Amino acid sequence: MGMTMTQKILAAHAGLDHVEVGQLIRANLDMVLANDITGPVAINEFEKAEFGQVFDKSKVSLVMDHFTPNKDIKSAEQCMQCRTFARRFDLDNFYDVGNMGIEHALLPEKGLVAAGDAIIGADSHTCTYGALGAFSTGVGSTDLAAGMATGQAWFKIPSALKFELTGSLPENVSGKDVILHIIGMIGVDGALYKSMEFTGEGVKSLSMDDRLCITNMAIEAGAKNGIFPVDEITEAYMEGRVERKWTKYEADTDAEYDETYTIDLSALRPTVSFPHLPENTKTIDEVGDVAIQQVVIGSCTNGRLSDMKIAAEILKGQHIHPDVRAIIIPATQQIYKECIKLGYLDAFIDAGCVVSTPTCGPCLGGHMGILAAGERCVATTNRNFVGRMGHVDSEVYLASPAVAAASAIAGRISGPKGGK
């Protein structure tokens, strides 16, 4: 029996010719990642185990993004611990206030992850890098500590689901709508410990930002990872960013999948995930009249330049509803700079929005946009669990930047151009 893309990558990194579903392997790693929340826990375990060095100072990344700029004393001490560790081992990839970004937008932008890589991160949305044809997955901080020291991790070979994409996306429909549609279809445990493999003619119509968004939320379906094939769009994205050799893997024609789903991209509509699970989806035509008090456009899911462009085009010349607070968060400093050059920040500020330095902040209910009891928020983030963005009696509705921007103007969940 043949192998999927994920199985081939893991086999190669374990030094094996072939692997089977359920097999336990120890694989070599190309990147190990932590942030200002998970990093300190991993560092504590690293020191408890009395590791004396990191396996490769160019393959360990620490990104201060969740509570930065520091919101309180505890977050300041966490960042100090990471900063001290990075200096102790002279890490090449330590990103702090002023040169940081939201980790899963920053690493691809910097060319630190590439096709064929095996990557672990102490953050569940590490699965983002599958957009580049890499195997990437989230792990616990103890596994991360071992990874930092040894450059290896244990994995159980996952089975896979195939998503055959056809057609191309209509206007005002994006990768966020694709993944929300899929999660609504298979559920939050529909891909539990499986690889979500995206393929088909429809792939070529998806931008890299669309793909990064889709794989980012694979974990919301319970997946071990999500992965796209390496094509001309992937190669164009890596050109000029990735300075090392990368490897293109393709699934065998006789690779085995637990299920195959066919999705016609041209038939999709703007989609919204209602509280309190990402699987609770409705198309924009089905949402009804839902008044909102806050909009957040940003995060590792939808804080990239194309997301900013979509939001700016809708908000330009408009003003947000008087009952709405709109928070815009470019995902990296580079994206922030591009927004300035392109006039997006003028559009945001003139429309009554606030623009933040890169931070995960409101996505996890950390800071920069906490909700009070009874408040509703439309967010381009990835989770809408109870209390995710603040009070347990608040509500988060997941949507694309287009829907979020249109909703900010309308004061209620609304499709772009006023359509419902």
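The values are calculated or read from the model by the stated rules, or taken from the named source; none is laboratory data. Given the structure is predicted, the values throughout are model-derived calculations rather than measurements. Cβ coordinates were reconstructed from backbone atoms using ideal geometry, including for glycine residues, and neighbour counts include every protein chain displayed. Just so you know, the surface numbers come from the protein's heavy atoms only, side chains and all, with ligands and any DNA or RNA stripped out. Shrake-Rupley method; radii C 1.70, N 1.55, O 1.52, S 1.80 Å.
Below are the figures for this structure:
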item: Gain in span if fully extended, residue 319 to residue 44, counting 0.36 nm per residue against the direct Cα distance; result: 94.2 nm
item: Candidate residues 209, 258: accessible-area rank, largest first, probe 1.4 Å; result: 258, 209
item: Ranked packing of 129-139, 265-275, most packed first, by mean Cβ within 10 Å; result: 129-139, 265-275
item: Amide hydrogen neighbours beyond the local backbone of residue 376, cut-off 5 Å, H modeled; result: 293, 294, 395
item: Cβ charges +1 (Lys, Arg) and -1 (Asp, Glu), total dipole of the chain, debye; result: 840 debye
item: Residue pairs, from the table 71/156; 48/248; 282/337; 156/245; 316/337, whose Cα atoms sit over 29 Å apart; result: 71/156; 48/248; 282/337
item: Farthest positive-ward along region 24-167 dipole, Cα basis, beta-carbon charges - from 82, 108, 148; result: 148
item: Accessible surface, the chain, averaged per residue in Å² (probe 1.4 Å); result: 38 Å²
item: Considering only the chain, percent of DSSP beta bridges that pair antiparallel, nearest 5; result: 20 percent
item: For region 306-338 and region 94-147, distance of Cα centres in Å; result: 25 Å
item: Relative packing of 359-372, 308-321, which averages over residues the other C-beta atoms within 10 Å, highest first; result: 359-372, 308-321
item: Under 15 Å, Cβ to Cβ, from residue 21 - net charge with Lys/Arg +1 and Asp/Glu -1; result: -2
item: Heavy-atom accessible surface of the chain: percent carbon and sulfur, 1.4 Å; result: 48 percent
item: Prolate/oblate/rounded call for region 183-319, Cα gyration tensor, a/c under 1.5 rounded; result: oblate
item: Calculated from backbone phi, Karplus (6.51, -1.76, 1.60) coupling profile of region 289-300 in Hz, x at Gly/Pro; result: 9, 10, 6, 10, 10, 8, 10, 10, 10, x, 5, 6
item: Cross-link reach list, aspartates and glutamates versus residue 309, counting only Cα pairs under 13 Å and skipping chain neighbours closer than eight places; result: 209, 338, 346
item: Listed candidates (1) 72, 57, 40; (2) 58, 51, 40; (3) 76, 56, 35 - label of the one calculated as Cα extents along the principal axes in Å; result: (2)
item: Point-charge dipole on Cβ atoms (K/R +1, D/E -1) for region 88-216, about Cα centre, debye to 20; result: 300 debye
item: Additional length obtainable on full extension of the chain from residue 354 to residue 192, 0.36 nm per residue less Cα span; result: 54.6 nm
item: Relative contact order (%) - criterion: Cα under 8 Å, at least six apart; region: the chain; result: 17 percent
item: Ranked by how many other beta carbons lie within 10 Å on average, peptides 403-415, 239-251 from highest; result: 403-415, 239-251
item: Around residue 195: net Lys/Arg minus Asp/Glu count, Cβ-Cβ under 13 Å; result: +1
item: Other-chain or far-sequence residues with amide H under 5 Å of residue 332's (modelled H); result: 102
item: In region 107-191, GluC sites (Glu not before Pro) in a DSSP loop with at most 10 other beta-carbon atoms within 10 Å; result: 171
item: 222 nm mean residue ellipticity, helices alone, for the chain (DSSP H n ≥ 4; -39,500 (n - 2.57); rounded to 500); result: -8500 deg cm²/dmol
item: Two-site FRET efficiency, residue 276 against residue 245, from Cβ-Cβ distance with R₀ of 56 Å, rounded to 0.05; result: 0.80
item: Prolate/oblate/rounded call for region 314-420, Cα gyration tensor, a/c under 1.5 rounded; result: oblate
item: Solvent-accessible surface (1.4 angstrom probe) belonging to residue 80, in square angstrom, nearest 10; result: 110 Å²
